[in-house]
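Visitor: Below is one structure. I have some questions about it.
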Protein chains: 2
Amino acid sequence: MNERISALLKRKPGPEIITAEGWVRTKRDSKTVCFLELNDGSCLKGLQVVIDKVSLNNDALLSSITTGSSVTCRGPIVESAGGNQEVEMASTDVTLIGECPVDTYPLQKKRHSVEYLREISHLRPRTNMFGAVARVRNTLSFAVHQYFQENGFVYVNTPLISASDCEGAGEMFQVTTLDFDKVPRTEEGQVDYSKDFFGKKSFLTVSGQLEGETYATALKNIYTFGPTFRAENSNTKRHLAEFWMVEPEMAFCDVTGDMEIAESFLKYLFKSVLEKCPEDMAFFSKFVEAGVDKTLQHVVDTPFAHLTYTEAVKILEKYNDKFDYSVSWGSDLQSEHEKFLTEVVCKSPVIVTDYPKEIKAFYMKLNDDGKTVRGMDVLVPRLGEIIGGSERESNIDVLTARMKELNLNPQDYWWYLDLRRYGSVPHAGFGLGFERAVQYVTGMANIRDVIPYPRAPKLADF
Amino acid sequence: MNERISALLKRKPGPEIITAEGWVRTKRDSKTVCFLELNDGSCLKGLQVVIDKVSLNNDALLSSITTGSSVTCRGPIVESAGGNQEVEMASTDVTLIGECPVDTYPLQKKRHSVEYLREISHLRPRTNMFGAVARVRNTLSFAVHQYFQENGFVYVNTPLISASDCEGAGEMFQVTTLDFDKVPRTEEGQVDYSKDFFGKKSFLTVSGQLEGETYATALKNIYTFGPTFRAENSNTKRHLAEFWMVEPEMAFCDVTGDMEIAESFLKYLFKSVLEKCPEDMAFFSKFVEAGVDKTLQHVVDTPFAHLTYTEAVKILEKYNDKFDYSVSWGSDLQSEHEKFLTEVVCKSPVIVTDYPKEIKAFYMKLNDDGKTVRGMDVLVPRLGEIIGGSERESNIDVLTARMKELNLNPQDYWWYLDLRRYGSVPHAGFGLGFERAVQYVTGMANIRDVIPYPRAPKLADF
């Protein structure tokens with residue numbers, strides 16, 4: 001393979017004849033010289049190729065090269081005469097690989113709106129912004145794997161389709177091979193799911209946590225990183241119907257260990273992006289959201305504060321006149337409260353623990369007070385909650401009682417309860433919505449712009 | 001976090017008091033000493049804990065510790081008296097964390113059948129075999145990411161749900177929020193998909209390749225690694241309804257480059273497992289399939305042979321009396337033919353290229369002969385095809401003609417054709433079915449045993 005442009009830009013000037021290949025971002029002409037800016041997605045910056053028109057002596061070729069064309073250029077790397085780059089290529093050996101008709105190409109040189117670019121999601125990675133998003137997303141993804149692999153976690157692929165009855169009710173997509181025009185029926189007139197592919201009514205998962213726990217209680221430290229689905233009719237800038245989740249789970253670990261890992265994990269992710277994508281982060285800070293890189297650096301550098309929910313509510317109650325929603329013990333914290341805690345009260349990321357059991361999931365470990373559970377949410381400036389986790393209830397009697405309180409049928413959870421029947425251990429974990437993290441890191445306003453092909457109500461094109 | 005058992009086993013004997021935590025695999029008793037074998041999934045081997053019953057003076061505690069119990073033991077690491085391990089722990093400080101009732105625990109000390117273990121998929125990672133599968137699968141997963149990251153590929157998450165009309169017909173799962181009991185209808189009596197969540201009939205993807213190409217033609221080298229789905233009614237040892245696929249795609253790359261990357265990728269994967277999981281690989285070779293590790297080493301060490309399909313058929317035809325299915329030009333190669341080519345003819349992995357267009361997909365680049373396409377399949381001993389790939393058709397006219405030949409509507413593929421309209425480039429890629437690879441590496445007979453929760457006809461439990 002030929003060297004990528006990111007590597008060519010780091011070369012010193014020299015006589016060696018190099019091959020550069022990529023797509024033309026811009027073309028400028030003077031009487032004797034043609035400048036092409038070549039990009040291949042390896043970095044934000046392009047390689048400037050300077051073509052001596054007299055030596056080339058092929059104006060027809062040059063005029064057929066336009067924005068979006070794919071080309072190969074050969075020549076030496078030379079010191080750049082212009083001020084925008086250190087090196088450029090001098091070439092008189094140019095090959096047009098694929099033309100790009102100017103009149104119909106949907107990407108013109110001007111700046112396009114993100115809404116327009118969403119309609120051409122198949123071409124938007126060719127823009128500076130979406131190329132940068134793709135690179136940062138890639139860096140974050142790999143950092144997720146690196147962090148867990150370096151710390152001895154086993155990557156586990158939990159199932160996407162499930163006929164298990166223990167997923168949360170509602171807001172799930174059904175998966176089927178039945179024909180809506182010929183629905184099989186039982187004698188009682190019910191839909192006969194024994195005729196469906198899986199023999200039961202089946203859904204797309206909303207979380208891999210419960211299955212993740214089955215592997216944590218065998219391998220100690222595991223993580224999942226895969227797609228999850230929510231059939232929520234939310235047309236917001238923060239909701240997707242299909243998104244990727246990171247869910248580590250640790251056995252022999254309590255909520256304190258959980259918080260330590262969440263903090264070190266988040267710092268590791270942000271540090272990776274700042275170190276590996278400085279050019280892209282500078283772009284986001286300049287063109288998308290000012291200071292987004294500084295916010296990340298702040299999270300990396302600052303020890304996370306800790307507050308119990310009860311402490312947090314006591315503080316917030318004093319400022320109730322500032323909020324759209326006033327807070328009192330028992331109410332769920334809104335994004336405005338979370339941001340206030342981290343930005344104003346603590347001036348640092350903060351982990352809030354010990355929430356009222358009524359506002360948290362059934363599997364969170366009940367505290368001795370019988371009222372609060374060992375949940376922990378990590379709040380960061382500019383966003384609020386970025387991670388939600390908990391120590392899990394490991395006592396089978398308490399867990400069964402909680403299920404019944406919430407009208408869940410313990411029999412549906414027989415295998416989940418087995419983990420508490422046989423060699424139960426304290427264990428804990430958390431979830432990071434991956435696109436929320438990419439959104440946070442890049443400052444992109446709409447979550448639909450940080451995943452290649454967003455899925456949302458009425459939106460499943462490409 | 002306390003040290004994992006894999007680390008404890010590497011310690012030198014010394015006076016330091018260490019904490020070991022894990023699940024009891026076996027317990028043996030003599031009059032004065034109790035031996036616990038503690039496993040935490042960090043490696044195949046357990047830590048032997050030797051408890052002086054006289055010093056402990058708590059027979060009630062010891063009798064409540066059984067196979068499957070979770071315990072914490074504290075004590076120094078000492079040289080082992082027995083011959084099975086170099087070091088062990090001497091402990092008189094033992095805590096039972098979670099009991100494991102002997103009479104009901106589904107995992108007894110005896111060897112269970114894989115069929116039985118599949119019914120308790122939530123507990124099977126606690127066995128030697130499935131712990132080893134989980135660790136090898138993890139190592140392979142990370143090796144996939146490492147290989148591509150080291151070579152400048154961008155990880156891209158292509159969509160799982162799609163309402164795009166260009167997926168292959170049939171064998172797809174429908175995704176819906178419509179109610180089978182209240183199917184909305186248009187005036188013409190058709191199912192009114194405008195009322196469905198995505199506003200169109202939507203499916204689970206069978207491949208991320210087409211969307212992957214959109215990113216490769218912007219970022220040059222990309223890869224996907226995510227779940228794909230096949231609603232195929234195949235109850236075999238090699239089919240899953242939900243499985244993970246690795247699909248790299250390279251722009252400015254022809255079939256030759258494609259083959260080079262496939263070979264170096266496969267060697268990288270297998271080398272990683274051999275280096276990082278020697279203990280687990282020895283287990284698979286001893287208990288699952290003899291010589292499985294040597295086969296991998298052979299693939300790593302041997303340059304891949306190359307044959308065109310036409311050459312391969314000419315060779316195979318001579319041996320037609322040996323095969324269940326006889327071969328002639330135009331027929332698809334069966335697994336028996338593929339194995340013969342790699343095991344008998346070439347005695348090395350072999351890449352077969354230039355297949356008849358009739359037996360390959362529409363997007364493969366047509367050769368100048370007008371009859372064959374630039375597909376390439378990688379065949380390995382003991383299995384046959386492990387990777388299938390091709391250079392893609394980059395000429396819009398040829399591609400459109402191929403679509404029409406196959407009764408595909410080019411309008412459904414407008415965005416895919418755009419890649420050939422605007423700055424088209426030679427590009428190529430391939431696909432590796434991840435579970436097939438894990439099966440190959442471990443020698444496990446049934447593919448349902450190399451994914452935590454297999455999905456197949458009538459099977460979507462947990």
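Visitor: Any residue in the stretch B:72-79 that is open to solvent by 30 Å² or more (accessible area, probe 1.4 Å) and either more than 26 Å from residue A:151 (Cβ to Cβ) or within 13 Å of chain A (Cβ to nearest Cβ) (or both)?
Guide: Checked against the condition, which is being open to solvent by 30 Å² or more (accessible area, probe 1.4 Å) and either more than 26 Å from residue A:151 (Cβ to Cβ) or within 13 Å of chain A (Cβ to nearest Cβ) (or both), the stretch B:72-79 yields at least one hit.
Visitor: Hey, another quick one. Given the options A:178, A:210, name the one that is among the hydrophobic types (A, V, I, L, M, F, W, C), within 26 Å of residue B:189 (Cβ to Cβ) and outside any strand (DSSP E or B).
Guide: A:178
Visitor: Would you point out which residue out of B:232, B:260 is open to solvent by 20 Å² or more (accessible area, probe 1.4 Å), under 20 Å from residue B:376 (Cβ atoms), at the interface with chain A (Cβ under 10 Å from one of its Cβ atoms) and charged (D, E, K, R)?
Guide: Criteria check complete, one pass: B:260.
Visitor: Check residue A:154 against each of (1) under 30 Å from residue A:296 (Cβ atoms); (2) buried (at least 22 other Cβ atoms within 10 Å of the Cβ); (3) without any contact (Cβ under 8 Å) to a residue 24 or more places away in the chain and name the one condition it does not meet.
Guide: Tallying (1) under 30 Å from residue A:296 (Cβ atoms); (2) buried (at least 22 other Cβ atoms within 10 Å of the Cβ); (3) without any contact (Cβ under 8 Å) to a residue 24 or more places away in the chain, residue A:154 fails exactly one: (3).
Visitor: I've got another one for you. Touching a residue at least 24 places away in the same chain (Cβ under 8 Å) and open to solvent by 20 Å² or more (accessible area, probe 1.4 Å): which single residue out of B:366, B:399 fits that description?
Guide: B:366
Visitor: Are any residues in the stretch B:295-315 of a type in the set (Phe, Trp, Tyr) and under 23 Å from the mean Cα position of the chain (by Cα), and if so, which ones?
Guide: Within the stretch B:295-315, B:304 is the sole residue that qualifies.
Visitor: Is one or more of the residues making up the stretch B:118-136 more than 9 Å from chain A (Cβ to nearest Cβ), open to solvent by 10 Å² or more (accessible area, probe 1.4 Å) and either out of contact with any helix residue (DSSP H, G or I) (no Cβ under 9 Å at 6 or more places or on another chain) or of a type in the set (Val, Ile, Thr) (or both)?
Guide: Checking the stretch B:118-136: at least one residue is more than 9 Å from chain A (Cβ to nearest Cβ), open to solvent by 10 Å² or more (accessible area, probe 1.4 Å) and either out of contact with any helix residue (DSSP H, G or I) (no Cβ under 9 Å at 6 or more places or on another chain) or of a type in the set (Val, Ile, Thr) (or both).
Visitor: Something else now. Please find, within the stretch A:335-357, the residue that is nearest to residue A:403 (Cα to Cα) out of those that are in contact with an Asp or Glu (Cβ under 9 Å, 6 or more places away or on another chain) and surrounded by fewer than 17 Cβ atoms within 10 Å (Cβ to Cβ).
Guide: Top of the filtered list is A:335.
Visitor: Here's another thing I want to ask about it. Specify which of the listed residues (A:232, A:260, A:249) is of a type in the set (Asp, Glu) and assigned to a loop (DSSP other than H, G, I, E, B).
Guide: On inspection, the qualifying residue turns out to be A:232.
Visitor: Could you say whether any residue in the stretch B:50-67 is open to solvent by less than 20 Å² (accessible area, probe 1.4 Å), in contact (Cβ under 8 Å) with a residue 40 or more places away in the chain, hydroxyl-bearing (Ser, Thr, Tyr) and touching a strand residue (DSSP E or B) at 6+ places or on another chain (Cβ under 7 Å)?
Guide: no
Visitor: Only one residue in A:311, A:317, A:279 is closer than 16 Å to residue A:441 by Cβ, open to solvent by 40 Å² or more (accessible area, probe 1.4 Å), acidic (Asp, Glu) and assigned by TED's automatic domain parsing to the domain that holds residue A:356. Which one?
Guide: A:279
Visitor: Ok, one more. For residue B:108, which of the numbered conditions (1) modelled with pLDDT of 95 or more; (2) more than 8 Å from chain A (Cβ to nearest Cβ); (3) open to solvent by 30 Å² or more (accessible area, probe 1.4 Å); (4) not in a helix (DSSP H, G or I) fails to hold?
Guide: (1)
Visitor: Within the stretch B:213-229, can you find the residues that are in a strand (DSSP E or B), under 28 Å from residue A:39 (Cα atoms) and facing chain A (nearest Cβ under 9 Å)?
Guide: B:221, B:222, B:226
Visitor: Of the residues B:380, B:425, B:373, which is within 23 Å of residue B:270 (Cβ to Cβ), buried (at least 17 other Cβ atoms within 10 Å of the Cβ) and either modelled with pLDDT of 95 or more or within 14 Å of chain A (Cβ to nearest Cβ) (or both)?
Guide: Answer to the check: B:380.
Visitor: Quick test of your reading of the structure: residue A:193 fulfils all but one of (1) touching a residue at least 24 places away in the same chain (Cβ under 8 Å); (2) over 20 Å from residue B:127 (Cα atoms); (3) more than 8 Å from every other protein chain (Cβ to nearest Cβ); (4) open to solvent by 10 Å² or more (accessible area, probe 1.4 Å). Name the failing condition by number.
Guide: The one condition residue A:193 does not meet is (1).
The values are calculated or read from the model by the stated rules, or taken from the named source; none is laboratory data. All of these numbers come straight from a predicted model, not from anything done at the bench. Cβ atoms come from the backbone with ideal geometry, glycine included; neighbour counts cover every protein chain shown. The accessibility values were calculated without ligands, DNA or RNA, using every heavy atom of the protein model including side chains. Shrake-Rupley method; radii C 1.70, N 1.55, O 1.52, S 1.80 Å.
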